[in-house]
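Q: My questions all concern the structure below.
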Amino acid sequence: MADLHTKIGALELKNPVMTASGTFGYGLEFADFVDLAEIGGIIVKGTTLEPRQGNAYPRMAETAQGMLNCVGLQNKGVDYFCQHIYPEVRQIDTAVLVNVSGNSPETYAECARRIAELDDIPAIELNISCPNVKQGGMAFGVTCEGAASVVKAVRAVYPKTLIVKLSPNVTSIADIARAVEAEGADAVSLINTLMGMAIDAEKRRPILSIGTGGLSGPAVKPVALRMVWQVFEAVQIPIVGLGGIMNATDAVEFLLAGASAIEIGTANFIDPAVTVKVARGIEDYLDRHGFTSVREIVGLAHEG
């Protein structure tokens, strides 16, 4: 059988399949449906320095080939995570990562610093799609300067593997990737959700409470795949690919485009065991095509 082990910076994964933040809770919620130890990595829901209530309901809407959400990073804050969630998730026999969010470089850095003290959390994923309160709400991740400022602040206090999650709502995602690489990111993950909206024709009002939300699911896959392809040609650091991955074939496409690992998000709501099924499907693909390691196919579509 082919070797599914992969590396993201210093982070070693038993297979390239991880869960996307916000779609798998803290992992523990899925323990009745799937063997968590068979997943390459679990990225827990977004965590901020202070507790957040999130946005008002309704904050989810179904769309053709996808879904919209404006949950708003509802969580109980990093101290609650450290005191109450960490003692439980550290028992999971796989890599557990924390998705870190903030509203200024300083809040990102302080949240990351506290998580760095947790021995069994080997990496964090920075969500730079959050609004910069000092610049009128513009997301950090839509400018090279904004993205770089967060990564620089976090890198100064966070010594473990640092993955930066990139926003697709930009003119050139390759430029953003190069900016965070220059400030010390160990890897990038892409894409975060695309901005979208839905309107109730009968009520003549937006469905989501704040009007717009993040679009995820199969509809975004072609965009995500294209962006992984572009970033692979722009940076030297590893890439984690995500966006509309529903099965093993989707995952293999991202690996061929240049991703060293992938994340599954919306599909978890349809099939809570999809992560393990995708990992097994990748292994089957490698065996059928005569590859001995998943690392052999990373970026292979760029050759020839």
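Q: When only residues in the range 283-304 that are out of contact with any strand residue (DSSP E or B) (no Cβ under 7 Å at 6 or more places or on another chain), among the aliphatic types (A, V, I, L, M) and not in a loop (DSSP other than H, G, I, E, B) count, which is surrounded by the most Cβ atoms within 10 Å (Cβ to Cβ)?
A: Taking the candidates together, the pick is 286.
Q: Then there is this: Would you pick out the residues in the range 233-270 that are closer than 22 Å to residue 293 by Cβ and assigned to a helix (DSSP H, G or I)?
A: Scanning the range 233-270 gives 248, 249, 250, 251, 252, 253, 254, 255, 256, 257.
Q: Turning to a different aspect of this structure: Against the condition buried (at least 22 other Cβ atoms within 10 Å of the Cβ), under 30 Å from residue 222 (Cβ atoms), touching a residue at least 60 places away in the same chain (Cβ under 8 Å) and touching a Phe, Trp or Tyr at 6+ places or on another chain (Cβ under 8 Å), how does residue 30 come out, does it pass?
A: For residue 30, the condition - buried (at least 22 other Cβ atoms within 10 Å of the Cβ), under 30 Å from residue 222 (Cβ atoms), touching a residue at least 60 places away in the same chain (Cβ under 8 Å) and touching a Phe, Trp or Tyr at 6+ places or on another chain (Cβ under 8 Å) - is not met.
Here's the yes/no breakdown for (1) at pLDDT below 95; (2) more than 20 Å from the chain's Cα centre (by Cα); (3) not β-branched (Val, Ile, Thr):
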{"position": "198", "(1), (2), (3)": "no, yes, yes"}
{"position": "221", "(1), (2), (3)": "no, no, yes"}
{"position": "229", "(1), (2), (3)": "no, no, yes"}
{"position": "243", "(1), (2), (3)": "no, no, yes"}
{"position": "254", "(1), (2), (3)": "no, no, yes"}
{"position": "266", "(1), (2), (3)": "no, no, no"}
{"position": "290", "(1), (2), (3)": "no, yes, yes"}
{"position": "302", "(1), (2), (3)": "no, yes, yes"}
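Q: Grab the strands (runs of 3 or more DSSP E) fully contained in the range 130-232, keeping just those with 1 or more residues being under 23 Å from residue 58 (Cβ atoms) and either free of Cβ contacts under 8 Å to residues at least 40 places away in the same chain or polar (S, T, N, Q) (or both).
A: 194-197, 212-216
Q: Going residue by residue through the range 109-123, is there one that turns out to be among the β-branched types (Val, Ile, Thr), modelled with pLDDT of 95 or more and either more than 19 Å from residue 186 (Cβ to Cβ) or buried (at least 24 other Cβ atoms within 10 Å of the Cβ) (or both)?
A: There is no residue in the range 109-123 that is among the β-branched types (Val, Ile, Thr), modelled with pLDDT of 95 or more and either more than 19 Å from residue 186 (Cβ to Cβ) or buried (at least 24 other Cβ atoms within 10 Å of the Cβ) (or both).
Q: Ok, one more. Name the single residue that is nearest to residue 200 (Cα to Cα) among those in the range 23-64 being part of a loop (DSSP other than H, G, I, E, B) and of a type in the set (S, T, N, Q).
A: Only one residue tops the list, namely 55.
Q: Given (1) within 30 Å of residue 219 (Cα to Cα); (2) surrounded by fewer than 19 Cβ atoms within 10 Å (Cβ to Cβ); (3) modelled with pLDDT of 95 or more, identify the lone condition not met by residue 53.
A: (3)
Q: Is it true that some residue in the range 4-19 is surrounded by fewer than 16 Cβ atoms within 10 Å (Cβ to Cβ), over 28 Å from residue 294 (Cβ atoms) and touching a residue at least 60 places away in the same chain (Cβ under 8 Å)?
A: no
Q: Would you tally the residues in the range 78-102 being buried (at least 19 other Cβ atoms within 10 Å of the Cβ) and either free of Cβ contacts under 8 Å to residues at least 60 places away in the same chain or not polar (S, T, N, Q) (or both)?
A: 12
Q: Also, quick follow-up: Please find, within the range 35-50, the residue that is surrounded by the fewest Cβ atoms within 10 Å (Cβ to Cβ) out of those that are out of contact with any helix residue (DSSP H, G or I) (no Cβ under 8 Å at 6 or more places or on another chain) and more than 20 Å from residue 103 (Cβ to Cβ).
A: Step by step, filter the range 35-50, then rank; the result is 37.
Q: While we're on this one: Keeping to the range 238-251, report how many residues are crowded, with 21+ Cβ neighbours inside 10 Å and either farther than 23 Å from residue 280 by Cα or out of contact with any Pro (no Cβ under 6 Å at 6 or more places or on another chain) (or both).
A: The total comes to 9.
Q: Further, regarding this structure: Residue 286: over 21 Å from the mean Cα position of the chain (by Cα), under 23 Å from residue 38 (Cα atoms) and touching a residue at least 40 places away in the same chain (Cβ under 8 Å), yes or no?
A: Against the criterion (over 21 Å from the mean Cα position of the chain (by Cα), under 23 Å from residue 38 (Cα atoms) and touching a residue at least 40 places away in the same chain (Cβ under 8 Å)), residue 286 qualifies.
The values are calculated or read from the model by the stated rules, or taken from the named source; none is laboratory data. No experiment lies behind these values; they were computed from the predicted model shown. FYI the Cβ positions are ideal-geometry reconstructions off the backbone, even for glycines, and counts take in every protein chain you see.
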